[in-house]
Amino acid sequence: MNHWLQILSLLMSIFLPIGFGYLVKKAGIFKPTQIKVLQDFVIRITIPFLIFKNLFKADISSIRQFFPAAAGLVILTGLFALTGYLLSSRVSPEKRTQNTYPLAVMAGNYAFLGWGVMYTLYGKAAFTRAVFFSILFWPTFLFFGFWLISRLKDGETPAGGNFFAVLKKNATVPLLSAGGGVAFNLMNFSLPDPLWNFVDSFGAITIPLILFTIGLNLSFRLPRPQIRILLLAAGHRLVFGFALGGATVLALKLIFSVDTTTLRVLLLQSTMPTAAMSPFFAEFIPTDKKLLSSIITFSTLLSLVSIPFWYAVIERIL
């Protein structure tokens, strides 16, 4: 009983900031443009501070888990992209819906929600593995996203898909933060107290802000005629994702030495809801934007139930 109360307490630490963000949204305190600014502030400013802070202070031995964790993201995203593509022609006869489905299930909310969950449920060590897991998110996201678009457009190269320009814009700062944190850690470098306090204070607000901004973006307006597709896409990410996570783990264990913490992170990350940046590819191919937005919201809401379930399963098997 005490164990379940502890789990409930941990989950409340995740869901309270999300719920508070939703209440703030309903109260109209922030305009949509202000919400976008706040989200950009988290992505472009505080997250790099948190990445640097965590890797700078991480146990050096955990660095060995970088390659299996990072490879796990590539394998898992590939499996989601492939299975989404194979199902796309069966979910609907409408081409826009067929294009939307694999893009909606390809990537999970590994950084925003995933980092918050890992840090809250498993602590700093798991958060470090979660950073390793998602550090190559943008190149992986872009590679498989443009591969999907090429397949959905019958091999045609997507117009405007400048892979390296988009990668530079979105991945440079996080990668530099990670590289700096690891390098300073390996060199046993010490930051002056005022500089460390500056880094620490920005890093400390990141997880609450991540969860808060998820709440700010929730919407309960779901298109009723497409409920079946919503359920299928959410099930693909939140339920079938665990099987894909298991396949990823088995593949990694053939190549790497994977510790228990990394296994927990990989399995739980595999059940995260649809990534908030999935609409990124809508400018390269015709999609149902309303459906895609609804899948993001619906899968996030259902994850409030599925995350505790899979957490309990992982704790039992590991």
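Remarks
- Residue match in region 62-77 (condition: under 28 Å from residue 260 (Cβ atoms), of a type outside the set (S, T, N, Q), at pLDDT below 80 and under 18 Å from the mean Cα position of the chain (by Cα)): no
- Residue match in region 242-249 (condition: surrounded by 21 or more Cβ atoms within 10 Å (Cβ to Cβ), within 26 Å of residue 42 (Cα to Cα) and out of contact with any Asp or Glu (no Cβ under 8 Å at 6 or more places or on another chain)): no
- Extreme residue, nearest to residue 210 (Cα to Cα), among residues of region 110-131 that are at pLDDT 90 or above and not aliphatic (A, V, I, L, M): 110
- Pairs meeting the criteria (first residue in region 82-110 and within 12 Å of residue 289 (Cα to Cα), second residue among the aliphatic types (A, V, I, L, M), beta carbons under 6 Å, at least 6 apart or on different chains) are 99/152; 99/285; 100/291; 100/292; 101/91; 104/233; 104/292; 104/295.
- Residue that is surrounded by the most Cβ atoms within 10 Å (Cβ to Cβ), among those in region 252-292 that are of a type in the set (S, T, N, Q) and more than 22 Å from residue 83 (Cβ to Cβ): 262
- Just one of the listed residues (257, 270) is over 26 Å from residue 19 (Cα atoms) and either touching a helix residue (DSSP H, G or I) at 6+ places or on another chain (Cβ under 8 Å) or modelled with pLDDT of 90 or more (or both), and it is 257.
- Selection within region 292-318 - among the aliphatic types (A, V, I, L, M) and at pLDDT 85 or above: 295, 302, 305, 307, 312, 313, 314, 317, 318
- Among the residues of region 28-44, the ones that are in a helix (DSSP H, G or I), over 19 Å from residue 172 (Cα atoms) and of a type outside the set (Lys, Arg) come to 6 in all.
- Qualifying residue in region 65-76 (condition: among the aromatic types (Phe, Trp, Tyr), touching a residue at least 40 places away in the same chain (Cβ under 8 Å), surrounded by 17 or more Cβ atoms within 10 Å (Cβ to Cβ) and closer than 28 Å to residue 255 by Cβ): yes
- Residue in region 101-116 that is in contact with a Phe, Trp or Tyr (Cβ under 6 Å, 6 or more places away or on another chain), crowded, with 24+ Cβ neighbours inside 10 Å and of a type outside the set (A, V, I, L, M, F, W, C) present: yes
- Within region 151-188, considering residues that are surrounded by fewer than 16 Cβ atoms within 10 Å (Cβ to Cβ) and of a type in the set (Ser, Thr, Tyr), the one modelled with the lowest pLDDT: 157
- In the set (1) at pLDDT below 95; (2) farther than 13 Å from residue 303 by Cα, residue 231 fails one condition alone, (2).
- Test: residue in region 59-81 that is of a type in the set (Asp, Glu) and within 26 Å of residue 46 (Cβ to Cβ): yes
- Residue 37 fulfils the conditions (1) surrounded by 19 or more Cβ atoms within 10 Å (Cβ to Cβ); (2) more than 18 Å from the chain's Cα centre (by Cα) except for a single criterion, (1).
- Residue in region 230-238 that is under 15 Å from the mean Cα position of the chain (by Cα) and among the charged types (D, E, K, R) present: yes
The values are calculated or read from the model by the stated rules, or taken from the named source; none is laboratory data. On a predicted model such as this, the values are computed, not experimentally measured, just so you know. Glycine also receives a Cβ, built like all others from the backbone with ideal geometry; neighbour counts cover every protein chain displayed.
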